[in-house]
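> Okay, handing you the structure first.
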Amino acid sequence: MKATKRLFSSLIILLLWLNPAITLGDSQPSIAIFYPPVKPIKYNLMVKTLKHLDGKHKYGLKIEMTPWKRAYSRGLNGTGGVLGLSKNKERLELFDYSAVLYVDKILLVTLKEKAFPFSTIDDLKGKLVGGNAGSSYGDEFERGKKHIFIYEEDYRGATNRLKKLLQHRIDVALIGTGRLGFEEALSQDAALLANKDKFAILPTPLVEDPNFLGFAKKMGMKEFINRLNQDLKQAQMAGEIDAIIERQVQRLRNGN
């Protein structure tokens, strides 16, 4: 019996040594996940989605906010998963990815009376476009800034850009984090809320940036990722994820 107990203890120690993302709680192992304290709407939705699924399926997630560099470093060394990863060639060699948890859309917002068809950067020809100072959305966007449209850098955020749009000081406002980012920007100013029906979100966003949960390949988390993906798909089909988003929209509209 003592030999069996010693063997069991040795196996537990070996498991924890091989996979530091798994720690022992009161009744089951936990899986560490790290995310940064930036873009609160995006990460708030992804965290709520994971917590919703964890509540239903009991994965044992331990979700922790930490600066981005530290979160990414911990992900690389196998301490836990990284929430909000985008894909690129280098990362695909290092991480196993979940299904898409959030698509970060950069919206093109105009006044309804000045809405126009948009499908490529060339459709912005001659327009005054307001966006975040220092932001870049790829080579095509940079080409547009140089040759297609006039870019006005904004240091005061999305609410300020919508005010400029309402005052006809710009033609297009770039608003990040999709519909929720737009709703949040409106919620910060009473005049914008009173005139929200004057705005139009063009159907095609400027760019779409899918965000994922990633685990270093050396952690061997593919089985968990497959399970998470299946549960996420079922929750999406049942309307559970849309309900999470809608509750967030309502909170923004109510000023919470």
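All of the numbers you see were taken from the coordinates with simple rules; none came from a lab. Please read these numbers as outputs of a predicted model, since none were measured by experiment. With ideal geometry, Cβ positions are generated from the backbone for all residues, glycine too; neighbour counts draw on all protein chains shown.
> Could you pull out the pairs from LYS105/LYS146; LYS87/LYS198; LYS87/LYS127; LYS58/LYS218 whose alpha carbons sit more than 28 Å apart here?
From LYS105/LYS146; LYS87/LYS198; LYS87/LYS127; LYS58/LYS218, over 28 Å: LYS87/LYS198; LYS87/LYS127.
> Let me ask something else about it. Return the label of the correct value of semi-axes √(5λ) of the Cα gyration tensor in Å, as calculated from the structure shown, out of (i) 43, 20, 15; (ii) 35, 28, 24; (iii) 36, 19, 15.
So the calculated entry is the one marked (i).
> Evaluate Rg over Rh across region 51-149, taking Cα atoms for both radii and Kirkwood's formula for Rh.
Numbers: Rg = 19.3 Å, Rh = 17.5 Å.
Reported Rg/Rh (Cα atoms, Kirkwood Rh): 1.10.
> Within 10 Å of each candidate Cβ there may be at most 11 other Cβ atoms; applying that plus a DSSP loop requirement, which chymotrypsin sites (Phe, Trp or Tyr not before Pro) in region 186-256 survive?
Sites meeting the loop and neighbour criteria: none at all.
> Sorted from fewest to most neighbouring beta carbons within 10 Å, what does the list ASP197, ASP189 look like?
ASP197, ASP189
> How high is the relative contact order of region 148-204, in percent, counting Cα pairs under 8 Å that sit 6 or more residues apart?
Relative contact order of region 148-204: 27 percent.
> Take region 185-255, drop everything but the C-alpha atoms, weight them equally and run the Debye formula without solvent; then report log10 I(q)/I(0) at 0.22, 0.23, 0.26 Å⁻¹ to two decimals.
Calculated log10 I(q)/I(0) at the listed q: -1.10, -1.12, -1.17.
> Provide, in order from the shortest bin, the percent of all Cα-Cα pairs of region 27-109 in each 10 Å bin, continuing until the bin that contains the maximum pair distance.
Result, from short to long distances: 16, 48, 30, 5, 1 percent.
> Over the alpha carbons of region 119-158, what is the largest minus smallest coordinate on each principal axis, giving the biggest first in Å?
27, 19, 18
> 222 nm [θ] for the chain, helices only, -39500 (n - 2.57) per DSSP H run of 4+, per residue, to 500?
It comes out at -13000 deg cm²/dmol, rounded to the nearest 500.
> What is the dipole size for the chain, taken about its Cα centre, with +1 at each Lys and Arg Cβ and -1 at each Asp and Glu Cβ, in debye to the nearest 20? Display every interim value, and only then the final one.
Numbers: 40 positive and 28 negative charges, 152 e Å.
My answer is approximately 740 debye.
> Along the charge dipole of the chain, pointing to its positive end and built from +1/-1 on Cβ of Lys, Arg, Asp and Glu, which listed residue (ASN195, LEU76, LEU45) has its Cα farthest out?
My answer, from the dipole projection, is LEU76.
> Still on this structure: For region 104-208, what value does the Rg/Rh ratio take when both radii are computed over Cα atoms and Rh is the Kirkwood radius, given to two decimals?
Taking Rg over the Kirkwood Rh, I get 0.93.
> Rank-order 173-184, 88-99 by packing density, defined as the average count of other C-beta atoms within 10 Å over each peptide's residues, highest first.
Ranked by mean Cβ neighbours within 10 Å, highest first: 173-184, 88-99.
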